[in-house]
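For reference, the structure is listed below as C-alpha cells.
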Amino acid sequence: MSHDHDDRPQLTAVQAAAVLNPPAGRNGGDLVVESLQGLGATTVFGLPGQHALGMFDALRRSSLRYVGLRVENNAGFAADAYGRVTGEAAPLLLSTGPGALTSLAALQEAAAASAPVLAISSQIPSAGLGGGRHGYLHELRDQQASVRDIVKSVHTVRTASQIPSAIAAAWESALTAPHGPVWVEIPQDVLLAETTLPVVSAMDATPRELYPRPELTIAAAHLLSNAERPVIIAGGGVVRSDASGKLRALAEKIDAPVVTTFGGKGAFPWEHPLSLRSWLEDRHTTDFLEDADVLLVVGSGLGELSSNYHTFRPRGRVIQIEADAGKLESNHPALGIHSDAREALADLLEAVERREDPDAAERVRTVLEKVRVRIEAQDLTLEQQVLAAVREALPDAAPSFWDMTILAYWAWSAFDARRPNTMHSAQGAGGLGYGFPAAIGAAAADPTKPVLAVSGDGGAMYSIAELATARQYDLPLTWLIVDDGGYGILREYMTGAFGETTGTELARPDFVALAESFGVPAVRTGPESLAADLSKALAAPGPSVVVLPALLRMFEPTHL
C-alpha cells in the first residue's frame, strides 16, 4: 500500500522545531490532557487521588477547565449531564480502586441513558498489574472487570505512546450511536514518567455514523403509508440524536399520534393535536397503543417503564428503530431497524406517502380526557398544584434534573418539558442522588441559563456535599428539595405491598440552615408560594435552595 506524500501534514519551521524540541517537564498526564484538548474537550470533571496526580498536575499546564466534585459518583452524574446537554464526550478523571468503584452507579446511569462519558482512571504501578497480590494501595485483582459490564468499551494503556490512541478510540466509542460511557485505564508510573514525545496536536476521532439499511426503510415506509391506525412511541434516542424536528415532520405527514417515553420527554410538542403526551403508566394509553395496526417505536427498547410494567401487548405490526442492537426485538417481535434515530427518521420521511386521518386528533383528545378523569377522581390536587408551580417558575429553555422522587414520578407522566433535551432524570438506572450533581454538570456546560434540580429529602442526602461545589464555582442552579421525612416512593410501595413500612422513615437536617452554612441562600416555601419562590431563586445569580415540606402521593397504578 503506497501513500501520497503530498497528503502528509506540512509543518512550518516553527512547528517542526516545536515537534523536535518539546517543552521539558511534561509527563504522561500531559499526554492525557493534550489528547483531550486535541479532540476538542474544554471541561473535565473528577476528583484527585494519589495514583491520578500525574493527570491533575498536567491540568495546570492546559487550557482545560476543571470542575471538581466531592464524591466520585457525583462527578460521574455531572459528567453524564454535561454529555446529555452538549452531545459532547464529557471527560471524568478518576483515581484507582475506591475512586474508580465509587463512580460505577453514575456510569450505569450514563449507560442506560446513552450519555457520552469518557472516564479516565489511574491504575496501580505497571509492576503490580496482572493479578498478582502485591499489596499496592487501592489494588484490585482486575479493576477492568468491575467496569466491563457497565461501559461500552474498555481501553488499556501500558506505555506513554499508547495514551493518545487509547483516548481517541474511547472518544470515538463514546460518541458513536448509541452514545455511552467508556473507560480508559493508565498506570500511575506511566502518568508520572517524564516524556519527550511531541505535544499532541489535533486528532481525528470521528464517530461512526449508523445508517438504516435501505430495504428496511422501504418496508417500514410501506407499512406506515398503508396503516389505518398508525401510532408512534418516541424514546430517548430521539432526544439524543437531536431528531425531534424529523419526528414531528413524520408524524404530521402520516397523521400519527405520538406518545413520548419518560426518557424521550420533549421529543414531541406537548400541546400538539397529535400529542398523547407521556401517560405511559396509564391503561387508557396502553389500550390505545395496543389498538394501533402499525406501531413505530423510535429510540426505545420498550422496557419496564415504557411498557406500563410489561403489561403492554401490541396487536399490530411493530417497527422498531434502535441504535442499540441488543434492544432490537428484545421485548416484542418487530421489523427491527438498527440505526441512529435521526438518520432513520430522515429516510422514512422521504419514503412514506402522505396519509390523512381527520379523526386522529379527536382520538388523541378522547384518550387524554379519559386520563384526566381518572387522575381527577383520586383527590391529588396538591401534587398537580406543585407540579404546575414548578412549570410556571421554570423558563422554557432552562434544563431540569430530577432525582428518583415522587414529584419526578409525576413529572415523567404529567410535566410539559416544552423543549427537547431540557428534562432529564435518573430513570435509566433508577439510582438515588442524581438530580443535584447532574444540575452542576449542566450549569458548567452553559452558565448563561438557570438550571433546576429536584430531589426528595432522602435523595438530597446523597449529594449534600455538592453544595460546596456549587458555591465554589458559583454555578447558576436552584435545588428544590421536597421534604417528606423519608423515602416517599418506597413508603408507598411498602405500604401497598405489606401494609407497613421498614427503613423508609428518616431523620434529616434543617435543609435551609444547612444550605446557608455552605453560603448558599435558601428559603422554606409552601405550595401556594412555591412558584414565586422558585422564580425568584432561578432568577438570582449563583446557587440557591428551595425547601418544600410536603407529603405527596402517587396516582394509582393501572398495571396491577
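Keeping all protein chains in the complex and leaving out DNA, RNA and ligands, what accessible area do you get for Thr102 with a 1.4 Å probe, in Å² to the nearest 10?
The accessible area comes out at roughly 60 Å².
Can you tell me the order of 219-232, 168-181 when each peptide is scored by its average per-residue count of other Cβ atoms within 10 angstrom, highest first?
Working: 219-232: 19.7, 168-181: 24.2.
Taking the mean over residues of other Cβ atoms within 10 Å, the ranking is 168-181, 219-232.
What fraction of the DSSP beta bridges in the chain is antiparallel, stated in percent and rounded to the nearest 5?
Details: 2 of 62 bridges.
So the antiparallel bridges in the chain amount to around 5 percent.
Assign unit charges at the C-beta atoms only (+1 for Lys and Arg, -1 for Asp and Glu), then state the dipole size of region 250-291 relative to its Cα centre in Debye, rounded to the nearest 20. Walk me through the intermediate numbers first.
Values: 4 positive and 8 negative charges, 42 e Å.
Dipole magnitude for region 250-291 comes out near 200 debye.
For Lys327, go through the aspartates and glutamates and keep the ones whose alpha-carbon is under 14 Å away, minus same-chain ones fewer than eight residues off.
Glu304, Asp340
Report, in debye and to the nearest 20, how large the dipole of region 21-150 comes out about its Cα centre when Lys and Arg carry +1 and Asp and Glu carry -1 on their Cβ. Mind dumping the intermediate values first?
Details: 9 positive and 10 negative charges, 43 e Å.
Result for region 21-150 is approximately 200 debye, rounded to the nearest 20.
Eigenvalues of the Cα gyration tensor times 5, then square-rooted: what semi-axes does that give for region 74-199, in whole angstrom, largest first? All intermediate terms of the calculation are to be shown ahead of the outcome.
Values: eigenvalues 116, 61, 26 Å².
Whole-Å semi-axes of the equivalent ellipsoid: 24, 17, 11.
When the solvent-accessible surface of protein heavy atoms is calculated with a 1.4 angstrom probe, in what order do Lys246, Lys265, Lys253, Lys536 fall, highest first? Show your work: numbers first, answer last.
Details: Lys246 60, Lys265 5, Lys253 40, Lys536 155 Å².
Order by accessible area, largest first: Lys536, Lys246, Lys253, Lys265.
Long-range amide H contacts for Gly46: which residues qualify at under 5 Å (H placed 1.01 Å from N, peptide plane, sequence gap of 5 or more or a different chain)?
HN-HN under 5 Å from Gly46: Val67, Leu69, Leu93.
Once the Cα atoms of helix 360-376 and of the chain are each reduced to a long axis, what angle between those two axes, in degrees from 0 to 90 to the nearest 10, is obtained?
Between the helix axis and the principal axis of the chain, the angle is about 90 degrees.
If you add up the charges near Leu289, with Lys and Arg at +1 and Asp and Glu at -1, over every other residue whose beta carbon is less than 11 angstrom from its beta carbon, what do you get? Intermediate values should be presented prior to the final figure.
Details: positive: Arg229, Arg283, Arg313, Arg315; negative: Asp282, Asp287, Glu290, Asp291.
The answer is 0.
Report, to two decimal places, the Cα Rg of region 107-164 normalised by 2.2 N^0.38 Å (N = number of residues). Write down the numbers at each step before the final one.
On the way: Rg = 13.2 Å, N = 58, 2.2 N^0.38 = 10.3 Å.
Against the empirical 2.2 N^0.38 Å value, I get 1.28 for region 107-164.
Students often get this wrong, so check it: of Lys265/Lys449; Lys449/Lys536; Lys152/Lys246, which have C-alpha atoms separated by over 23 Å?
Values: Lys265/Lys449 19 Å; Lys449/Lys536 14 Å; Lys152/Lys246 27 Å.
In this structure, Lys152/Lys246 exceed 23 Å between Cα atoms.
With θ set to phi - 60°, apply the Karplus curve 6.51 cos²θ - 1.76 cosθ + 1.60 along region 545-560 and write out the HN-Hα couplings as whole Hz, x wherever there is a Gly or Pro.
Calculated HN-Hα couplings, in order: 10, 10, 10, 10, x, 6, 9, 8, 10, 8, 6, 5, x, 10, 8, 7 Hz.
I need to check one value: relative contact order of the chain, counting alpha carbon pairs closer than 8 Å and at least 6 residues apart, in percent. Display every interim value, and only then the final one.
On the way: 1256 pairs, mean separation 71.9, N = 560.
In percent, rounded to a whole number, it is 13.
Kindly give Rg over Rh for region 374-454, based on alpha-carbon atoms, with the Kirkwood expression for the hydrodynamic radius.
Values: Rg = 13.1 Å, Rh = 13.3 Å.
Reported Rg/Rh, Kirkwood definition of Rh: 0.98.
Residue farthest toward the positive end of the dipole of the chain, with Cβ of Lys/Arg at +1 and Asp/Glu at -1: which of Thr558, Ala361, Thr495?
Thr495
Just to check I understand the Karplus step: with θ = phi - 60° and J = 6.51 cos²θ - 1.76 cosθ + 1.60, what whole-Hz values come out for region 412-418, glycine and proline as x?
Result, ordered by residue: 3, 8, 10, 9, 7, 6, 6 Hz.
Per residue, how large is the accessible surface of the chain? Use a 1.4 angstrom probe and give square angstrom. Write down the numbers at each step before the final one.
Values: 22550 Å² over 560 residues.
Dividing the accessible area of the chain by its residue count gives 40 Å².
Search the structure for amide H atoms under 5 Å from the amide H of Val545, placed 1.01 Å from N in the peptide plane, and list their residues when 5 or more places away or on another chain.
Trp479, Ala522, Val523
Show me the three semi-axes of the equivalent ellipsoid for region 126-264, from the C-alpha gyration tensor (sqrt of 5 times each eigenvalue), largest first, rounded to whole Å.
On the way: eigenvalues 423, 66, 29 Å².
Semi-axes (√(5λ), whole Å): 46, 18, 12.
Once you have a ≥ b ≥ c as the square roots of the Cα gyration tensor eigenvalues for region 295-408, tell me rounded if a/c is under 1.5, and otherwise prolate or oblate according to whether a/b is larger than b/c. Please report the intermediate quantities before stating the final value.
Working: a/c = 1.73, a/b = 1.56, b/c = 1.11.
Prolate shape, in that a/c is at least 1.5 and a/b is the bigger ratio.
Which net charge results for the neighbourhood of Ile124, defined as the other residues with beta-carbon distances under 10 angstrom from its beta-carbon, given Lys and Arg at +1 and Asp and Glu at -1?
Values: positive: none; negative: Glu139, Asp189.
Taking every other residue near Ile124 into account, the sum is -2.
Please quote Rg/Rh for region 444-557 to two decimal places, taking the Kirkwood radius as Rh and restricting both calculations to Cα atoms.
Numbers: Rg = 15.3 Å, Rh = 15.0 Å.
Using Cα coordinates only, the ratio equals 1.02.
Ratio of alpha-carbon Rg to the 2.2 N^0.38 Å globular estimate for region 252-322, to two decimals, please. If you can, show how the numbers build up before the last one.
Values: Rg = 11.3 Å, N = 71, 2.2 N^0.38 = 11.1 Å.
Region 252-322 yields a ratio of 1.02.
Just by accessible area at a 1.4 angstrom probe, what is the order of Thr286, Thr86 from largest to smallest? Kindly include the intermediate steps, with their values, before the conclusion.
Values: Thr286 5, Thr86 50 Å².
I get Thr86, Thr286, largest accessible area first.
Per-residue accessible area for Met461 at 1.4 Å probe radius, Å² rounded to 10?
It works out to around 90 Å².
Hey, if we sort Asp357, Asp347 by accessible area with the 1.4 Å probe, largest down, what's the order?
Sorted by accessible area, descending: Asp347, Asp357.
Tell me, what is a quarter of the convex hull surface for the C-alpha atoms of region 133-184, in nm² with one decimal? Can you show the working numbers first?
Numbers: hull surface 16.8 nm².
It is 4.2 nm².
Which value, in Å² and to the nearest 10, is the accessible area of Glu392 when all protein chains are kept and the probe is 1.4 Å?
140 Å²
Which distance in Å, rounded to a whole number, links the C-alpha centroids of region 323-391 and region 212-286?
6 Å
Could you point to the residue in Gly38, Leu223, Phe262 farthest towards the positive end of the chain's charge dipole, with +1 and -1 charges on the Cβ of Lys/Arg and Asp/Glu respectively?
Towards the positive end, the residue furthest out is Gly38.
Out of Gly336, Thr525, Gly132, whose Cα points farthest toward the positive end of the dipole of the chain (charges: +1 Lys, Arg; -1 Asp, Glu; placed on Cβ)?
The listed residue farthest towards the positive side: Gly132.
Hey, got the dipole for the chain? About the Cα centre, +1 on K and R Cβ, -1 on D and E Cβ, debye to the nearest 20? Write out the running numbers ahead of the final one.
Values: 44 positive and 66 negative charges, 116 e Å.
The dipole magnitude comes to about 560 debye.
For region 229-375, take N as its residue count and report Rg(C-alpha) divided by 2.2 N^0.38 Å. Let's see the in-between values first.
Numbers: Rg = 13.7 Å, N = 147, 2.2 N^0.38 = 14.7 Å.
Working it through for region 229-375, the quotient is 0.94.
Could you tell me what a quarter of the Cα convex hull surface of the chain works out to, in nm² with one decimal place? Before the final figure, lay out the partial values.
Details: hull surface 116.8 nm².
Mean orientational projected area (the chain, Cα hull): 29.2 nm².
The values are calculated or read from the model by the stated rules, or taken from the named source; none is laboratory data. Remember, it's a predicted structure, so these values are computed and weren't measured experimentally. No Cβ is skipped: glycine too gets one built from the backbone with ideal geometry, and neighbour counts run over all protein chains shown. With ligands, DNA and RNA removed, areas are computed over all heavy atoms of the protein, side chains included. Shrake-Rupley method; radii C 1.70, N 1.55, O 1.52, S 1.80 Å.
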